[in-house]
Amino acid sequence: MKKIMPRVVFKKLSKLYQNMEDSYQIIAEQIGLSCADCPDNCCTSYFRHHTRVEWAYFIKGLNQVPESLRQKIAQRAENYVEKARQDLARGKTPDIMCPVNENGLCVLYEYRLMICRLHGVPTIHTRPDGKNLVFTGCFRSQQRTGEISSYSRLDRTIFYKELAMLEQAFVGSKIARLPRVNLTLAEMIVLGPPRFSV
């Protein structure tokens, strides 16, 4: 696929993100799910991300925050990476606050990645091999769905497909030769913008 200018891809990614949020909201309203006063915090969940286009878009957002805050985020990201490394070495899943969470809120909410937008509600998606993967959602979602007889699941499939197309458009023909992205948000911050050399 021919590489497309980043600003064009970012505009399409922003629209895709909005579609994700709209779909999420429909399911959340149907099951009565709200994050208000939740004793848990999804921002401590250990998420790994897999696209350079989301990585680059997120770094674009990070570069727009005030320098003092950006430095704080960078330091927290370095601390996160080291603590996660230690936890994983002990066989423990990291449970660390996301470095862009400031006083309980995401300071880069507009630029947050796909999994941050879709986590919570019950979902399903169909893999390229045809296998369906079902997710029950967060603990509060599971409580809510346990109280109702019928509810829908958010189908992530179309979002994954559209994101894969945007990744191809963003990276271009080098995509087949580049290593797979498998990074936490903190690692992306520490590494800076994605590179396209093999």
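Could you check, for segment 2-10, whether at least one of its residues is surrounded by 12 or more Cβ atoms within 10 Å (Cβ to Cβ) and outside any helix (DSSP H, G or I)? Yes: segment 2-10 contains one or more residues that are surrounded by 12 or more Cβ atoms within 10 Å (Cβ to Cβ) and outside any helix (DSSP H, G or I). In the set (1) at pLDDT below 95; (2) among the acidic types (Asp, Glu); (3) buried (at least 16 other Cβ atoms within 10 Å of the Cβ), Glu54 fails one condition alone, (1).
Scanning segment 73-89 for residues that are farther than 12 Å from Val190 by Cα and not acidic (Asp, Glu) returns Lys83, Ala84, Arg85, Gln86, Leu88, Ala89. Could you please let me know if Asp40 is acidic (Asp, Glu), modelled with pLDDT under 95 and under 19 Å from the mean Cα position of the chain (by Cα)? Here the answer is yes, as Asp40 does meet what is asked. Are any of the residues in segment 140-153 over 29 Å from Asn63 (Cβ atoms), within 16 Å of the chain's Cα centre (by Cα) and part of a helix (DSSP H, G or I)? No. Of the residues Pro99, Pro179, the single one that is surrounded by 15 or more Cβ atoms within 10 Å (Cβ to Cβ) and part of a loop (DSSP other than H, G, I, E, B) is Pro99. If you go through segment 118-135 and keep only what is surrounded by fewer than 18 Cβ atoms within 10 Å (Cβ to Cβ) and either of a type in the set (Gly, Ala, Ser) or out of contact with any Asp or Glu (no Cβ under 6 Å at 6 or more places or on another chain) (or both), you end up with His119, Thr126, Arg127, Pro128, Asp129, Gly130, Lys131, Asn132, Leu133, Val134, Phe135. Of the set (1) charged (D, E, K, R); (2) touching a Gly at 6+ places or on another chain (Cβ under 9 Å); (3) not in a helix (DSSP H, G or I), all apply to Glu110 but (3).
Residues in segment 71-96 that are in contact with a Phe, Trp or Tyr (Cβ under 9 Å, 6 or more places away or on another chain), of a type outside the set (A, V, I, L, M, F, W, C) and either loosely packed, with under 14 Cβ neighbours inside 10 Å or not in a loop (DSSP other than H, G, I, E, B) (or both): Asp87, Thr93, Asp95.
The values are calculated or read from the model by the stated rules, or taken from the named source; none is laboratory data. Note that the structure is predicted; figures quoted are calculated from it, not measured. Cβ atoms come from the backbone with ideal geometry, glycine included; neighbour counts cover every protein chain shown.
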